[in-house]
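The values are calculated or read from the model by the stated rules, or taken from the named source; none is laboratory data. What you see is a predicted model; the values in this text were computed from it and never measured. Note that we place each Cβ from the backbone using ideal geometry, even for glycine, and neighbour counts take in every protein chain shown.
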Amino acid sequence: MADQELARDLGFLEAYTLGLGTMIGAGIFILPGIAAEIAGPASSISFAIGGTVALLAAFSLSELATGMPKAGGSYYYVNHALGSFFGSIVGWGMWGGLMFATAFYMLGFGRYLTGLHPDAPIVAAAVAAAVLLVLINYRGVKETGSLQNVIVLTLVGLILVFIAFGIGAIDTELLTPFFPEGGWITVAGTAGTVFVTFIGFEVIATSAEEIKDPGRNLPLSMIAAVVTPTLFYVLVMLVSTGVLPAEALAPDQTLVPISLVAEQYLGEIGATAMVVGAILATVSSANASILSAARVNFAMGRDKILTEWLNDIHGRFQTPYRAILVTGVVIVLLIVSGLPISTLADVASFMYLLTYTLVHVAVIVMRRADPTEYEPDFRIPSILYPVVPIVGGLACIGVMYQMRPVVQLIGGGIILVGVVWYAFYAKERAISTSLVGEAIAPDEAADGGDVYRVVVPVANPDTERTLLRYAAASAADRPEETELIAVNVVEVPPQTSPAQVEEDRVARQSELLARAREVAADLDVGLRTRAVVGHDAGDNLLSVIEDEDADHVLLGWAGPRKRSDVLFGSTIDPVLERAPCDVTLVKDPDEDLGSIVTLAGKGPNAPVSARRAAELARAFDASLTLLNVQPTAEDVDVDPETVGRETVEDIVEAADLDDEEYEPRVLVSDDVQETLIGTTTEYDTVCVGATGRSTVAQALYGSIPRRIVESADGTVVMARGEVRTPRTLREAIVQRLSRR
Amino acid sequence: MTPVVADTVVVPLASESDARETCAVLREELDPGTRVVVVHVIEKGGGGLDKASVAQREETAEDVFAVARGELEGFDVETRILYDTDVAETITSGADDVGADLIVFSPRQASRLSRLLSGDVALDLITGTDRPVLVLPSGEGS
């Protein structure tokens, strides 16, 4: 089911909190001490550098994640773009990085426990916590979205309180000298250490498949999930180094630096709150890392770079228990290895910096190779490409270069594991082809410019052809290139997997779309088809409309509904209410249009209706009448005929009609509505504009269109123009970002 | 025992061994010609980080379905993966969707602790549905 689209259920907010949950974690409670000791007050700049490097990576990751929404994240993209040699390195690198990061979190956890009770032995507590976490994940506890939100909110709240009260307590004397003795080199090197706090946002990329409108929500949530903690961290560092001298924060002076800082101005309660927050954060970060590691294992196993044995799912617990156990064993070994806590953090950072370097390369390779299946919903905007991947990649390498030799040595060791593994295991088995060659000598393909797109949902084989002809009629008059998009949605119940639709429904879908292609070939119009399987046809259609940047959507309509909760139909209502483009509903479509009448009144959509009517009249060689009915004048000075003619002329101008292609008809009556409805029955086809802004409500309760639909025997076309609502700042930014 | 009379039965299966045991019993009890809808529920966190990636659990589901199809050869077998946060509720509404008149399952052995932690799916399934439920003896030696 290659061209089926999975229904998605994570919005911006869900994706953002998911990312934030893993980002606002352990790092911020442990790292200030380590960073302050090395870089002093300037360590806030180290955090800013780390955040910037992560932000650049977020751009490249967003493009790759929307282009290849697959489990495994960076590993998958690199393996796919650069081949299994680099895939093996990144796979092992991420796995190793996550193990080191978890060991780091757990040692941090041990220190916090000591903060609560001075006699708790750090390493033993760390091991115990790691074992407990591994067992919990082996067994599998459902982590619900709401629990995650509570944790995220608590942490954000604690940090905000810390910052808000701390800023007032800053002693500016302590902030001078701002820079450490080593100057910028030291500051940049420290950025490497703190980068471990920024590895969490990758989790958003790995959920790409489940994110709604990924072209928008994925980059936005990723960028927000990087920027928010970066700001927090910079401020936290300023407060920490401004409240206490850097030396007092050093790891050998205090186990929980943030708590010590908070104690200065929030007292005992503040200190304890910070320790509790830190414990919460370490556990949630470590938990996310263990789960992420298992996902990397799974993706590697699927590409045959690792043995599938590791990825067995437990029959009772539904967990990847073997992967979790193996990861857990290594984590415990790392904890007891005696490596200092800062080295653990550095190695984790190093491995992720390496990963993101290759991610940046992968973007360039994918762009150059441009394989047909690579159609990311989000592309790095052209003014930022190729600057972002090049600068981003160099920045990662730069930070790695500044890191301590021991870190580079361990990192190199993990890379070597990846290389050796590739040579002796993966090379023979891996199923992956590199696109590097394609990237160096790409096929040149022309890109379409501005195209007028008409989306036509097709569901009924009887009306399919006619609807497509109507859509073609609308496209025919456009000066620019045009394209029809026939889309069919197979709606599956909410709990059903889109991947598990009955075969006959899928067969029916492909039949419908195949027919659409035949019709298009007959009519000699460009047509693409989209097969969608989703939980909600209306929502699914809307995302296709947005995705295709459609100018017009034309739907068949079965007629008024008896049910009170839907006005036009549960599928049509959301499209009519929310589609940004022109919308046309057609009831009883017929290829023999005969005489067409369009209501030329004062309604906001009367010109659109006239335009649709004219398009149809031209394409089907039908007659066109613009009908206006005026009330009998009470005032002798006003000639209703003249008013009516002027109204019709306004519409002719707005709809850009030629004089010879329509008949004006103005009637004067005591009962406008009755006359209008009575007159329309003289014609074969009636076009009417939807009334008012709140389309659905007014089209229904504004009684004229409704009564026309009820009394007409022939085709009824109801048109609505595009909706121009002022863009919010967010939408404007997104539009800028995604402009191709 | 007389064959179970039903037009459509829904059979939630959790694992390959569950599929083997449940379907082996089912094969004996069901009237041939019964439409059997085998479902596997992928429990979602609703925004949280799930215990394994969806893609990985979908692969597992396919393995479970393969076993079920093998065991139930000759029957009209359909398969479905359902995704939601509440397993029992999902099975019930899945049964609704396919118009099933019977739900058949073997309860999985669960410790008191895990019942406390993640609820008792079997109990929820029996109490939370509006149609007949057939509980097969658990194969895990109870």
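Quick notes on this structure:
- In the stretch A:287-297, the residues that are within 8 Å of another protein chain (Cβ to nearest Cβ) and either touching a Gly at 6+ places or on another chain (Cβ under 7 Å) or β-branched (V, I, T) (or both): A:A288, A:R295
- Condition check for A:V636: out of contact with any strand residue (DSSP E or B) (no Cβ under 8 Å at 6 or more places or on another chain), modelled with pLDDT under 85 and of a type in the set (V, I, T): yes
- The sole residue among B:T60, B:T79, B:T90 that is of a type outside the set (D, E), more than 30 Å from A:L147 (Cα to Cα) and not in a loop (DSSP other than H, G, I, E, B) is B:T79.
- Some residue of the stretch A:146-155 being of a type in the set (G, A, S) and surrounded by fewer than 24 Cβ atoms within 10 Å (Cβ to Cβ): yes
- Of the residues screened, A:S284 is not one that is part of a helix (DSSP H, G or I), closer than 25 Å to A:E37 by Cβ and within 12 Å of another protein chain (Cβ to nearest Cβ).
- Qualifying residue in the stretch A:86-99 (condition: within 14 Å of chain B (Cβ to nearest Cβ) and farther than 30 Å from A:T372 by Cβ): yes
- Residues located in the stretch A:204-216, provided they are within 13 Å of chain B (Cβ to nearest Cβ), farther than 11 Å from B:S53 by Cβ and surrounded by 24 or more Cβ atoms within 10 Å (Cβ to Cβ): A:I204, A:A205, A:A208, A:I211
- Residue that is surrounded by fewer than 23 Cβ atoms within 10 Å (Cβ to Cβ) and under 30 Å from A:P386 (Cβ atoms), where the choices are A:G97, A:G83: A:G83
- A:F86 being within 21 Å of A:I380 (Cβ to Cβ), of a type in the set (F, W, Y) and within 25 Å of the chain's Cα centre (by Cα): no
- Within the stretch B:22-56, the residues that satisfy the criterion of being assigned to a helix (DSSP H, G or I) and within 11 Å of chain A (Cβ to nearest Cβ) are B:V54, B:A55, B:Q56.
- Hey, A:V359 modelled with pLDDT of 90 or more, buried (at least 23 other Cβ atoms within 10 Å of the Cβ) and under 20 Å from the mean Cα position of the chain (by Cα) or not: yes
- Some residue of the stretch A:59-71 being over 25 Å from the mean Cα position of the chain (by Cα) and touching a residue at least 60 places away in the same chain (Cβ under 8 Å): no
- Checklist (1) in contact with a Ser or Thr (Cβ under 7 Å, 6 or more places away or on another chain); (2) small (G, A, S); (3) modelled with pLDDT under 85 applied to B:A100, failing item: (3)
- Residues of the stretch A:287-321 that turn out to be part of a helix (DSSP H, G or I) and β-branched (V, I, T), as a count: 2
- Among the residues of the stretch B:81-100, those identified as surrounded by 17 or more Cβ atoms within 10 Å (Cβ to Cβ) and more than 10 Å from chain A (Cβ to nearest Cβ) are B:A88, B:A95, B:A100.
- Yes/no for A:P574 being farther than 20 Å from A:T482 by Cα, assigned by TED's automatic domain parsing to the domain that holds A:T679 and either of a type in the set (D, E, K, R) or modelled with pLDDT under 85 (or both): no
- Filter result for A:F201 (in contact (Cβ under 8 Å) with a residue 24 or more places away in the chain, in contact with a Pro (Cβ under 6 Å, 6 or more places away or on another chain) and within 29 Å of A:P340 (Cα to Cα)): no
- Considered as a group, the residues in the stretch A:298-324 that are farther than 19 Å from A:S207 by Cα and among the charged types (D, E, K, R) include one that is farthest from the other protein chains (Cβ to nearest Cβ), and that residue is A:K304.
- Residues that are basic (K, R) and more than 14 Å from chain B (Cβ to nearest Cβ) do not occur anywhere in the stretch A:134-150.
- In the stretch A:235-250 there is no residue that is small (G, A, S), closer than 30 Å to A:G140 by Cα and out of contact with any Gly (no Cβ under 8 Å at 6 or more places or on another chain).
- Restricted to the stretch A:467-477, and to residues there that are surrounded by 18 or more Cβ atoms within 10 Å (Cβ to Cβ) and in contact with a strand residue (DSSP E or B) (Cβ under 9 Å, 6 or more places away or on another chain), the residue that is nearest to A:F620 (Cα to Cα) is A:Y470.
- Once the stretch A:6-48 is narrowed to residues that are modelled with pLDDT of 90 or more and surrounded by fewer than 24 Cβ atoms within 10 Å (Cβ to Cβ), the residue that is nearest to the other protein chains (Cβ to nearest Cβ) is A:A48.
- 3 or more residues over 19 Å from the mean Cα position of the chain (by Cα): qualifying helices (runs of 4 or more DSSP H) within the stretch A:142-224: A:145-168, A:184-194
- Elements of the type helices (runs of 4 or more DSSP H) sitting completely within the stretch A:322-438 and holding at least 1 residues that are not aliphatic (A, V, I, L, M) and not assigned by TED's automatic domain parsing to the domain that holds A:R302: there are none.
- Conditions (1) crowded, with 24+ Cβ neighbours inside 10 Å; (2) in a helix (DSSP H, G or I); number of the one not met by A:Y265: (1)
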